[in-house]
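Values quoted throughout were computed directly from the atomic coordinates according to the rules given, and no laboratory measurement underlies them. These numbers were taken from a predicted model, which means no experiment stands behind them. Glycine also receives a Cβ, built like all others from the backbone with ideal geometry; neighbour counts cover every protein chain displayed.
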Ligand code: FPP
């Protein structure tokens, strides 16, 4: 068995799921996707995973229609308000990565409130990537490094990233069939095991996650060394 502390997920395929089900609006897929966020969070928490990092909104997602962007912002706000009790009951801490300065004020307030109420928990940390882009994160970190006016090590650079409070990603999963990283955790996945599944995010149940963990446990992780 491999040690499993951090799972990161690119939750793709919501729009296609809605179309496949015959819904006229793509956003119904996001609504269903939010239910899987809940299910996978509880499951990861029960498995003893320490970090679950979920790509909820990328720096590129602003290119979508105003209606879809607005819907996603409201959905995240509603999700956090609803899920606070789930976090409290399951010892789940809530964190974010990404540049929150461009988000609507209400969502920012809800994010701050949820972080404050769960800050003392030490079970799973659910990390939502909101207005997150790996290149944006790296450039913000580089600018902080430059202001230090000295050469820095990899470990010191790690501490300048939004993910400074997490551990290296063990498993990265992308649902929805595409095999790309879409500007997600580019630095952090240096030695992650990558899993690409055709399952659309709203169909991604805890059994699907278990199947991936089973595959992960068969991998001989050498991190560049020899065993
Ligand atoms: C990609 O699917 C998904 C997103 C851009 C948003 C992810 C959001 C959720 C899973 C729900 C909201 C999250 C929370 C935390 C409440 P897509 O729309 O690009 O799918 P497609 O490729 O089929 O069009």
- Query: Separation between the residue 35 and residue 108 pseudo-spin-labels, each 7 Å from Cα along Cα→Cβ, expressed in nm?
  - Reply: 3.4 nm
- When a footprinting reagent is the concern and you count Cβ atoms within 10 Å, what order do 25, 102 take, fewest first? 102, 25
- Two pseudo-spin positions, 7 Å from Cα along C-beta at residue 159 and at residue 116, lie apart in nanometres by 2.8 nm
- Note on the structure: Shape descriptors of the chain over alpha-carbon atoms, Rg and Dmax in angstrom, are 17.5, 57
- P(r) of the range 119-226 over all Cα-Cα pairs, binned every 5 Å from zero, in whole percent: 2, 9, 17, 19, 20, 16, 10, 4, 2, 1
- So the FRET efficiency between residue 88 and residue 206, C-beta based with R0 = 25 Å and rounded to 0.05, is 0.75
- For residue 46, placing the label point 7 angstrom along Cα-to-beta-carbon and taking the range 193-227, residues whose amide nitrogen sits under 18 Å are 203-214
- Once you have the alpha carbon radius of gyration of the range 64-110, what is it after dividing by 2.2 N^0.38 Å, with N set to its residue count? 1.27
- Item | Residues 169, 69 arranged by fewest to most Cβ contacts within 10 Å | 69, 169
- Message: Based on the alpha-carbon set only, what is the convex hull volume of the range 1-119 divided per residue, in Å³?
- Response: 122 Å³
- Message: Running a GNM on the chain with Cα contacts under 10 Å, which residue among 141, 129, 56 ends up with the highest mean-square fluctuation?
- Response: 141
- Counting each DSSP H run of 4 or more residues in the chain as -39500 (n - 2.57), what helix-only mean residue ellipticity at 222 nm follows after dividing by all residues, to the nearest 500 deg cm²/dmol? -14000 deg cm²/dmol
- Which semi-axis lengths, in whole Å and largest first, follow from the square roots of five times the eigenvalues of the Cα gyration tensor of the range 71-147? 24, 16, 10
- Task: Please find, in a Gaussian network model of the chain (springs between Cα atoms separated by less than 10 Å), the residue of 159, 149, 74 whose mean-square fluctuation is greatest.
- Result: 149
